[in-house]
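Each remark here refers to the structure printed beneath this line.
The values are calculated or read from the model by the stated rules, or taken from the named source; none is laboratory data. Owing to the predicted nature of the structure, the values given are computational and were not obtained by experimental measurement. Counting neighbours? That spans all protein chains shown, and the Cβs are built from the backbone with ideal geometry, glycine included. We work out accessible area using only protein heavy atoms, side chains counted, and drop any ligands, DNA or RNA first. Shrake-Rupley method; radii C 1.70, N 1.55, O 1.52, S 1.80 Å.
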Amino acid sequence: MIFIGVLWRWPGSFWVIGLTELILGAGAALVRLSEVLLVNHTATGLGGYSYWLPLSYIMAFIVLPPRPALLFSLGLFGGLAGLGIVYWSSPEVPLQYKTLYGNSLVQMYAMHVTMIVCLGLLLLVQRHYVSAIARAQAQANLAHTDPLTGLANRRQLDDWLQMALHESQATGIPMSVILFDLDHFKRVNDTYGHAVGDEVLRATATATRCAVRGVDRVGRWGGEEFMVLIAGDLRAAEMVAQRVREALQNMTLPLPVPVTVSCGLAQARPDDAPADLLQRADQALYEAKGQGRDAVAISA
């Protein structure tokens, strides 16, 4: 009850409390069994007490990582088995007691071995299960993540766009799209090499992720083109686009000139399909380029 009260008041102390309980429980098990076997010489009450001894194994697998839990359990079992060997080989214990209670001892140790094996197999199955889930999650993330920048890829952006557009049309809450790409990016690749170009793309992803709001979503649309889904109208989209432009201009890169971008903005209409919204944003992007680049253009 004391340990439960401490955990209730300080839940962060679970590991310390659990380890303390584990050590005390294991010590009590060894002391109690040694008293029953080596002091009383009769094993009286061993059958009922033996049901509580395996709780130390369960506690070990709850508190400790798998390998230390297994080693602790084997060590505790070794100590308990050693007491049984001393009991069986001791000349001070009458032979009739050994004969009478020997079967109980064997059954108790068999139950302990079974408990340890079952817990070990359970952890093995759990490890394979967790690994399978992790692999599946990693594959799912790869299917929706751009490997170079770590942003959402075009497939994920398509899904987000459809969901956001549907929600906007159902609720009447505005949503907008920003399409932007890096100005003269081909010149960067041709002049400084694709390794520097990749570094620019990764830095662009990082700067854009920091510039957008928490409610917005950003991804790599393809090549040097990026998309931001804005939870708001054109005014909110323009504010985000200007922050993105400033963030990219202030990036630290091995280039003699700052990186600039052209942005096209479009707000969803009640009857828009995703292609309609993207087409208007794309047209606005070309208008920004036509204005000399490093600009923001808004779709009519």
- Looking at the stretch 87-119, which of its residues are closer than 15 Å to LEU33 by Cβ and under 40 Å from the mean Cα position of the chain (by Cα)? TYR109, MET111, HIS112
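Given the structure, is GLY197 of a type in the set (Gly, Ala, Ser), open to solvent by 20 Å² or more (accessible area, probe 1.4 Å) and free of Cβ contacts under 8 Å to residues at least 60 places away in the same chain?
Numbers: of a type in the set (Gly, Ala, Ser): yes; open to solvent by 20 Å² or more (accessible area, probe 1.4 Å): no; free of Cβ contacts under 8 Å to residues at least 60 places away in the same chain: yes.
Taking the combined requirement at face value, the residue does not satisfy it.
Condition (residue is of a type in the set (Val, Ile, Thr) and open to solvent by 80 Å² or more (accessible area, probe 1.4 Å)) applied to the stretch 135-156: is it met by at least one residue? Give the derivation first.
Of the stretch 135-156, the ones of a type in the set (Val, Ile, Thr) are 145, 149.
Filter once more, keeping what is open to solvent by 80 Å² or more (accessible area, probe 1.4 Å): none.
No.
Do we find a residue being open to solvent by 40 Å² or more (accessible area, probe 1.4 Å), hydroxyl-bearing (Ser, Thr, Tyr) and touching a helix residue (DSSP H, G or I) at 6+ places or on another chain (Cβ under 6 Å) anywhere in the stretch 95-109? Before you say what the answer is, go through the steps one by one.
The first filter runs over the stretch 95-109 and keeps only residues open to solvent by 40 Å² or more (accessible area, probe 1.4 Å), leaving 95-97, 99-101, 103-104, 106-107.
In the following step, the residues that additionally are hydroxyl-bearing (Ser, Thr, Tyr) were identified as 97, 99, 101, 104.
Narrowing the set further to residues that are touching a helix residue (DSSP H, G or I) at 6+ places or on another chain (Cβ under 6 Å) leaves 104.
Yes - at least one qualifying residue is present in the stretch 95-109.
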- Query: Going by the structure shown, is GLY219 open to solvent by less than 80 Å² (accessible area, probe 1.4 Å), closer than 15 Å to ARG154 by Cβ and of a type in the set (Gly, Ala, Ser)?
  - Reply: yes
- Task: Could you list all residues from the stretch 225-259 that are farther than 12 Å from THR204 by Cβ, open to solvent by less than 60 Å² (accessible area, probe 1.4 Å) and of a type in the set (Asp, Glu)?
- Result: none
- Exclusive hit being exposed (fewer than 12 other Cβ atoms within 10 Å of the Cβ) and either in a helix (DSSP H, G or I) or not small (Gly, Ala, Ser) (or both), set LEU121, LEU165: LEU121
- Message: Being assigned to a helix (DSSP H, G or I) and among the acidic types (Asp, Glu) is the filter here; which residues of the stretch 268-300 pass it?
- Response: ASP276, ASP282, GLU287
- Given the conditions (1) modelled with pLDDT of 75 or more; (2) out of contact with any Gly (no Cβ under 9 Å at 6 or more places or on another chain); (3) open to solvent by less than 40 Å² (accessible area, probe 1.4 Å); (4) not acidic (Asp, Glu), and given that LEU46 satisfies all but one, which numbered condition is not satisfied? (1)
- Message: So the check is Cβ under 7 Å with 6+ separation or different chains; which pairs have a first residue in the stretch 9-33 that's within 14 Å of ALA60 (Cα to Cα) and a second one that's modelled with pLDDT under 75?
- Response: PHE14/LEU7; ILE17/PHE3; ILE17/VAL6; ILE17/LEU7; GLU21/PHE3; ALA29/LEU53
